[in-house]
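Visitor: The structure follows.
The values are calculated or read from the model by the stated rules, or taken from the named source; none is laboratory data. This one's a predicted model, so the numbers in the text were calculated from it and none came from an experiment. Here Cβ is always computed from backbone atoms with ideal geometry, including for glycine, and neighbour counts include all displayed protein chains. Just so you know, the surface numbers come from the protein's heavy atoms only, side chains and all, with ligands and any DNA or RNA stripped out. Shrake-Rupley method; radii C 1.70, N 1.55, O 1.52, S 1.80 Å.
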Amino acid sequence: MMALYTTLRAIKLYPLENAAVQKAVEDLVAVAGEIIDKEHELEFRVSGEFIFINSTRLRLDLDNYASFSYLLSLCAASGIGVIHLTRTPAARDWQVFLSLLQSPGKESPAIRLVQMRGKLEAAGVTPFELAPPAETDDDKEFREKSKEAAKRTYAQSVAVTKDVINSVRL
């Protein structure tokens, strides 16, 4: 995920010919290639406020908060829920895709997704399969488990607070 974020930021800041952009794209091609070689696919999926690489949910912490929020906002604005790859895109493919992903638009996310697919096809960039976000049963189940855990934590916190207040009174 960091290779993707780094490349997006480099493309946003510098022209495509810049050495920093070229290096970031090379790194992204290498990382994506490694994952595809090992797992035969690379699926970047956004579900609510979560990011999954293949079936692994990435952990959000202070170190990656900026990259998480940037990627989530780009995907939401572009109507992208899934980026699926079964073969490693070339450097040019990544440059075209990421440039389109960051290009501003006033259209709705659903329309932007359709436009992006068309522009990728017109540019001959075929490795990327883009799909809109979809809530799966796993997402619903995870959300329900999270709510239950939050309720338990809240109830325990209230009980502990009551005990502390009673102890202070005594």
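Visitor: Testing Thr136 on (1) at pLDDT 90 or above; (2) β-branched (Val, Ile, Thr); (3) open to solvent by less than 70 Å² (accessible area, probe 1.4 Å), one condition comes back false. Which one is that?
Guide: (1)
Visitor: Further, regarding this structure: Mind telling me which of the residues Leu28, Leu71, Leu42, Leu60 ends up being modelled with pLDDT of 90 or more and either over 16 Å from Pro127 (Cβ atoms) or of a type in the set (Ser, Thr, Tyr) (or both)?
Guide: Leu71
Visitor: Could you look through segment 80-121, keep only residues that are of a type in the set (Asp, Glu) and open to solvent by 60 Å² or more (accessible area, probe 1.4 Å), and pick out the one that is modelled with the lowest pLDDT? Don't jump to the end; show me each part of the working.
Guide: In the first step, residues of segment 80-121 are kept if they are of a type in the set (Asp, Glu); the result is 93, 107, 121.
In the following step, the residues that additionally are open to solvent by 60 Å² or more (accessible area, probe 1.4 Å) were identified as 107, 121.
Numbers: Glu107: 89, Glu121: 95.
Going through the qualifying residues, I end up with Glu107.
Visitor: Considering (1) touching a His at 6+ places or on another chain (Cβ under 8 Å); (2) open to solvent by 60 Å² or more (accessible area, probe 1.4 Å), say which one Leu42 fails and leave the rest.
Guide: (2)
Visitor: Ok, one more. Can you confirm whether Phe52 is under 14 Å from the mean Cα position of the chain (by Cα) and either open to solvent by 50 Å² or more (accessible area, probe 1.4 Å) or at pLDDT 90 or above (or both)?
Guide: Considered against the rule, which asks whether it is under 14 Å from the mean Cα position of the chain (by Cα) and either open to solvent by 50 Å² or more (accessible area, probe 1.4 Å) or at pLDDT 90 or above (or both), Phe52 comes out as yes.
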